[in-house]
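Read the structure below first, then the notes.
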Amino acid sequence: MAVVETLGRPAQSRPETPAAQRRWWVAARTKLTPYMFIAPNMALFSVFVFFPLLYAFYVSLREWSLIDTPRYVGLENYERLFSDPQFWQSLRNTLVYSFATVPTSLAIGLVLALALNRDLIARTFLRSLYFLPVVISSVATAVIAAWLFNDNYGVVNMLLRRVGLEPVAWLSSPRWALFSLVIATLWVRVGFCMVVYLAALQSISPTYYDAAEVDGATRFQQFRHITWPLLRPATFLLLILSVIYSFQVFDLIYVMTGGGPGFSTTMVVQYIYQAAFVSSEMGYASAMGVVLFLLILGFTLLQWSVNRRVEDVA
Amino acid sequence: MAQVRSERPWRRRAEDAAIWLLLAAGAAIMFFPVYWMFATAVRPKDEVFSGSAGMIPSSFVWSNFGEAINKMPFVNWTVNSLVIAVIAVVITVTLNLLCGYAFAKFRFAGRNVLFLGVLSALMIPIQVIIVPLFLVISELGLLSNYWGVILPRAAEAFGIFMVRQFMVSIPDDLLEAARIDGASELSIFFKVVVPLSKPIIAVLVIFTFMWRWNDFALPLVVLMNQDMYTVQLGLNILRGQYNTEWTMIMAIALLSLAPMLVIFTFFQRYFVQGIASTGLK
């Protein structure tokens, strides 16, 4: 109260009594403090996130191999990008991969969460087993998956042979290579979705279900009208995170298939990496980075507005 | 009505049993890759290429591990990874706490705009800006330098988020009381706020360690000197160069997981809690 009063009278900026002086000092200090607390973080964000983002636009308008001086070429990099079949293929791969992994991981995660939310024997242990792959690095995941799906000696083909089926060229045929990647991705993602859904399920008050039970609602109706709507924030969060993850997947694919066979599993981020660090075309790589950024931004805003609209209706 | 009631527990139990069996089968599938990695790592080498190896190795060749470690600079990689992860944890967790505290407990001009900045940092994947980021790191003279992989990730938007969510519930009166007592802002932070934040600190330490231990893209472009390679980079070149020595690759891969497996076993609760608090409310 006293603090507010003192600040409210600018004419009296130097209070007379020592007590009031001290209060004035406390207030001034409190005003400055938050900026000091966030300064180191903001400095790092500025240097390593925001500046690079702006810099990407700058570099994308230039031709630059790192050794020579950058040469302004206008929108040439973007024009090239639109007529580059490999870029389109990598974009298509990214979209196919995202559409294959995002809904599936959310659906399986939800089913697992619903099941593991029941009072079952050893459910904590079961939960940990499903969650375990989340902590495993993408590189290790890729190495394990490459071994499991190895065309000749992999255990998947070994099991197929044992039950009398033909072995599949998991990693050396374009179609199955992408499929193997999707499986490896689901292995990691499902546990993450499960945990987020579990947390959301546990925050739903049981009184809703009691009331529905009294009204004679079936189990499906309860899910449809209570559980699913109340899970919407979790679904929304998972959708946004999963799409961003899928658009930026790099480690797993780089190590597991290297983008091959051919160009069949090369995603946009890997094409960016190749353009920049293999063919030294910084401008072209940056142009792709800019396009990818706009795509992610677009998807996020789209999901945001759809979520808003749904929320308004509900 | 009475009939329904007597019937229900039985039906429910049968249902639980069926669900349990399905879940257990699923869990077995989820765990199988990790088991198979172990089974491959300890097998006699020739058994790997028989194409019909049993589910359980015919004999356990523990010396495979020692051999892999001796043949590869695994110890070196591990030390590099540990140095990076530990320094990153100290810096990142400190900065996250400071920043999250400011967003949770202070009202100041530009707060919303700055928080929006944090939000958008969350949405910009490192791969999108990898080229300009590489140029910045190179301009700062941090190529082939541990700081080149630590500093760019030191500000972690997720961490700021989690801290903010957590600290909002610290009572303002407590901070006000300390202020009236004449405590400096820093000592309020370290003596009042930090001790109250132990749970979130534990979560941050675990997560940051995991993220930095598992990093790949940034170290790949920044650490050009093979002596500085991390475990993940080492695993990648192993996979590229020794595609046929699966026993060795699996042994190293398993060892690369060891820290995460240990942390996971002990802090499983915190992992779940941490993920649950990353923005669900």
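The values are calculated or read from the model by the stated rules, or taken from the named source; none is laboratory data. All figures in this text were calculated on a predicted structure; none of them were measured in a lab. Don't worry about glycine lacking a Cβ; one is built from the backbone with ideal geometry, like all the others, and counts go over all protein chains shown. All accessible areas refer to the heavy atoms of the entire protein, side chains included, with ligands and DNA or RNA removed. Shrake-Rupley method; radii C 1.70, N 1.55, O 1.52, S 1.80 Å.
Taking 8 Å as the Cα distance limit and 6 or more residues as the minimum spacing, I'd like the relative contact order of region A:165-314 as a percentage. Working shown, then result.
Details: 89 pairs, mean separation 36.4, N = 150.
Over region A:165-314, the number comes to 24 percent.
Hey, any idea what Rg/Rh is for the protein assembly as shown, computing Rh the Kirkwood way over Cα pairs?
Looking at the protein assembly as shown, the ratio lands at 1.01.
Can you bin chain A into rounded, prolate or oblate? Criterion: square roots of the alpha carbon gyration tensor eigenvalues sorted a ≥ b ≥ c, rounded for a/c under 1.5, prolate for a/b above b/c, oblate for the rest.
Oblate.
Indicate the gyration tensor shape class of chain B (rounded, prolate or oblate), computed on the Cα atoms with a ≥ b ≥ c the square roots of the eigenvalues: a/c under 1.5 is rounded; otherwise a/b larger than b/c is prolate and the rest oblate.
Oblate.
Taking a cut-off of 18 Å between Cα atoms, list the lysines near A:Lys31, but don't count ones fewer than 8 places away on the same chain.
Result set, ordered by chain and number: B:Lys105.
Would you mind working out the accessible area per residue for the protein assembly as shown, using a 1.4 Å probe, and quoting it in Å²?
Details: 27880 Å² over 595 residues.
Accessible surface, normalised per residue, equals 47 Å².
What's the percent breakdown of Cα-Cα distances in region B:69-183 across 5 Å bins, shortest bin first?
Over region B:69-183, the share of Cα pairs per 5 Å bin runs 2, 10, 14, 16, 17, 14, 10, 7, 6, 3, 1, 1, 0 percent.
Tabulate in residue order the Karplus-calculated ³J(HN,Hα) for region B:263-273, using 6.51 cos²θ - 1.76 cosθ + 1.60 with θ = phi - 60°, rounded to whole Hz; enter x for Gly and Pro.
Once θ is set to phi - 60°, the couplings for region B:263-273 become 4, 4, 4, 7, 10, 3, 4, 5, 4, 5, 4 Hz.
Between A:Val163, A:Val182, A:Val96, find the one with the highest GNM mean-square fluctuation for chain A; connect C-alpha pairs within less than 10 Å.
Greatest mean-square fluctuation among the candidates belongs to A:Val163.
From zero up to wherever the largest Cα-Cα distance of region B:123-281 sits, split into 5 Å bins and tell me the percent of pairs in each.
Going out from 0 Å in 5 Å bins, region B:123-281 shows 1, 7, 13, 14, 15, 14, 14, 10, 6, 3, 2, 1, 1, 0 percent.
Compute the Rg to Rh ratio over region A:10-107 from the alpha carbon atoms, using the Kirkwood formula for Rh, and round to two decimal places.
1.35
If I build a Gaussian network model for chain A, linking alpha-carbon pairs within less than 10 angstrom, which residue out of A:Ala100, A:Ala122, A:Ala20 has the largest mean-square fluctuation?
A:Ala20
Report the relative contact order of chain B, percent, no decimals, based on alpha-carbon pairs under 8 angstrom and at least 6 residues apart. Mind showing how you got there, number by number?
Working: 231 pairs, mean separation 87.7, N = 281.
Once divided by the residue count of chain B, the mean separation gives 31 percent.
Whole number please: convex hull volume per residue of the Cα set in region B:140-209, in Å³? Before the final figure, lay out each step's value.
Working: hull volume 7.8 nm³, N = 70.
Taking only Cα atoms, region B:140-209 has a hull volume of 111 Å³ per residue.
Is region B:1-151 rounded, prolate or oblate when judged by the Cα gyration tensor, a ≥ b ≥ c being the square roots of its eigenvalues, rounded requiring a/c under 1.5 and prolate requiring a/b larger than b/c? Walk me through the intermediate numbers first.
Working: a/c = 3.17, a/b = 1.20, b/c = 2.65.
Cα axes put region B:1-151 in the oblate bin.
What are the residues whose amide H is under 5 Å from the amide H of A:Arg62, where those residues sit 5 or more places off or on another chain and H is modelled from the backbone?
Long-range HN contacts for A:Arg62: A:Val73.
Counting every Cα pair in region B:221-279, what percent are over 15 Å apart?
Tail of the P(r) past 15 Å holds 63 percent of the pairs.
Suppose a student asked you for the relative contact order of chain A, using Cα pairs under 8 Å spaced at least 6 residues apart; what percent would you report? Walk me through the numbers before you get to the answer.
On the way: 316 pairs, mean separation 82.2, N = 314.
Here the relative contact order equals 26 percent.
From the phi angles alone, apply the Karplus equation (6.51, -1.76, 1.60; θ = phi - 60°) to region B:219-225 and give each ³J(HN,Hα) in whole Hz, x where the residue is Gly or Pro.
So the J values, rounded to whole Hz, are x, 4, 8, 8, 8, 8, 8.
Per residue of A:147-159, what is the mean number of Cβ atoms on other protein chains within 10 angstrom of that residue's Cβ? Don't jump to the answer; show the numbers that get you there.
Working: counts 11, 5, 0, 3, 0, 2, 9, 3, 7, 1, 1, 6, 1.
Average neighbour count from other chains, rounded to a whole number: 4.
Computed on protein heavy atoms with a 1.4 Å probe, what is the summed buried accessible area for the chain pair B and A, in Å² to the nearest 100?
When B and A are taken together, about 8400 Å² of accessible area is lost.
For B:Lys45, list the aspartates and glutamates whose Cα falls under 13 Å from its own Cα; do not include residues on the same chain fewer than 8 positions away.
Counting by Cα, and skipping residues close in sequence, B:Lys45 has these aspartates and glutamates nearby: B:Glu67, B:Glu245.
Hey, what do the phi angles of region A:229-237 turn into as Karplus ³J(HN,Hα) couplings, whole Hz, using 6.51/-1.76/1.60 and θ = phi - 60°, x for Gly and Pro?
x, 6, 8, 4, x, 5, 4, 4, 4
Quick one: accessible surface of A:Trp25, probe radius 1.4 Å, all protein chains present, in square angstrom to the nearest 10.
140 Å²
Which one, B:Asp215, B:Asp16, B:Asp173, has the greatest fluctuation when you compute a Gaussian network model over chain B with C-alpha springs under 10 angstrom?
Per the Cα network of chain B with a 10 Å cutoff, B:Asp16 tops the list.
Which cross-chain or sequence-distant (5 or more) residues have an amide H under 5 Å from the amide H of B:Leu223, H modelled 1.01 Å from N in plane?
Correct list: B:Ser144.
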